[in-house]
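The values are calculated or read from the model by the stated rules, or taken from the named source; none is laboratory data. Predicted, not measured: the structure shown is a model, and the values here were computed from it. Heads up, the Cβs are rebuilt from the backbone with ideal geometry, glycines too, and the neighbour counts pull from every protein chain shown. These area figures cover heavy atoms from the full protein model, side chains too; ligands, DNA and RNA do not enter into them. Shrake-Rupley method; radii C 1.70, N 1.55, O 1.52, S 1.80 Å.
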Amino acid sequence: LHLFIFFHLPHPTPTFAMSVDERTYIMVKPDGVQRGLVGNIIGRFEQRGFKLIALKLVHATPEHLEKHYADLKGKAFFPSLIQYMASGPVVAMVWQGLDAVKTGRAMLGTTNPLQSSPGQYSFAYGTIRGDFALAVGRNICHGSDSVESAEKEIGLWFPEGIVQYTHDQAKWIFE
Ligand code: ADP
């Protein structure tokens with residue numbers, strides 16, 4: 001009987017695991033800043049319907065970046081990654097919205113930009129890395145890869161906290 005009832009229950013939709021308030025840490029890397037892509041990248045997240053809840057320009061120290069990339073410490077490219085990330089200012093941001101971590105990663109594209117699709121037309125967006133980058137070591141933008149790492153990264157880059165405000169568009173973006 002239990003099996004029978006279970007079988008006929010409506011399937012829970014995957015939305016139960018997603019939060020409208022999910023936060024992700026997005027960072028325009030030094031090459032993205034130097035190439036004038038800050039506005040374009042911010043525009044994509046705004047246009048998608050995410051809420052900007054933190055933003056600043058930072059020239060990070062190698063020590064700070066080593067904390068950010070602590071999981072990659074053993075990799076051969078780690079020293080050059082830290083050098084690249086410390087070579088100029090980055091734009092540190094927190095964006096909030098439905099499934100922000102996974103959607104943010106999808107908007108970024110693959111780690112290696114060569115594997116990311118570019119937009120098909122000049123007016124259509126592909127992924128950030130697919131549209132603007134070629135090399136894995138110059139891939140323009142960072143995005144948290146899990147909710148746990150997002151919270152860790154937000155704490156690392158914004159120890160001063162996050163501004164609270166009402167996003168008036170939300171009622172037009174969410175049901
Ligand atoms: P992602 O940024 O897509 O989450 P990773 O966390 O694996 O990717 O790596 C962090 C960053 O390290 C990448 O965005 C990229 O800038 C750099 N990186 C990753 N793999 C390589 C590599 N094989 N050679 C050089 N740099 C790399």
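Checking each residue in the range 55-78 for being open to solvent by less than 30 Å² (accessible area, probe 1.4 Å) and within 19 Å of the chain's Cα centre (by Cα) picks out ALA60, LEU65, HIS68, TYR69. Within the set LYS102, LYS75, the sole residue that is within 14 Å of the ligand (Cβ to nearest atom), not polar (S, T, N, Q) and not in a helix (DSSP H, G or I) turns out to be LYS75.
If you go through the range 111-140 and keep only what is crowded, with 17+ Cβ neighbours inside 10 Å, assigned to a loop (DSSP other than H, G, I, E, B) and within 12 Å of the ligand (Cβ to nearest atom), you end up with SER116, THR127, ALA133, ASN139, ILE140.
The condition (being modelled with pLDDT of 95 or more and either out of contact with any Asp or Glu (no Cβ under 8 Å at 6 or more places or on another chain) or open to solvent by 30 Å² or more (accessible area, probe 1.4 Å) (or both)) is satisfied by just one residue among LEU9, LEU81, LEU3: LEU81. Does any residue in the range 56-80 that is farther than 17 Å from ASP31 by Cβ come within less than 8 Å, Cβ to Cβ, of a residue that is open to solvent by 40 Å² or more (accessible area, probe 1.4 Å) and away from the ligand (no atom under 13 Å from the Cβ) six or more places away or on a different chain, and which pairs are these? Partner pairs satisfying both residue conditions: HIS64/LEU156; LYS67/LEU156. Put simply, of LEU52, LEU108 the only residue that is modelled with pLDDT of 95 or more, of a type in the set (A, V, I, L, M), touching a Gly at 6+ places or on another chain (Cβ under 6 Å) and surrounded by 14 or more Cβ atoms within 10 Å (Cβ to Cβ) is LEU108. Among the conditions (1) more than 11 Å from the ligand (Cβ to nearest atom); (2) outside any loop (DSSP other than H, G, I, E, B); (3) open to solvent by less than 10 Å² (accessible area, probe 1.4 Å), GLY88 misses just one, which is (2). Give the residue that is farthest from the ligand (Cβ to nearest atom), with candidates limited to residues of the range 141-175 that are open to solvent by 100 Å² or more (accessible area, probe 1.4 Å) and assigned to a helix (DSSP H, G or I). That would be LYS171.
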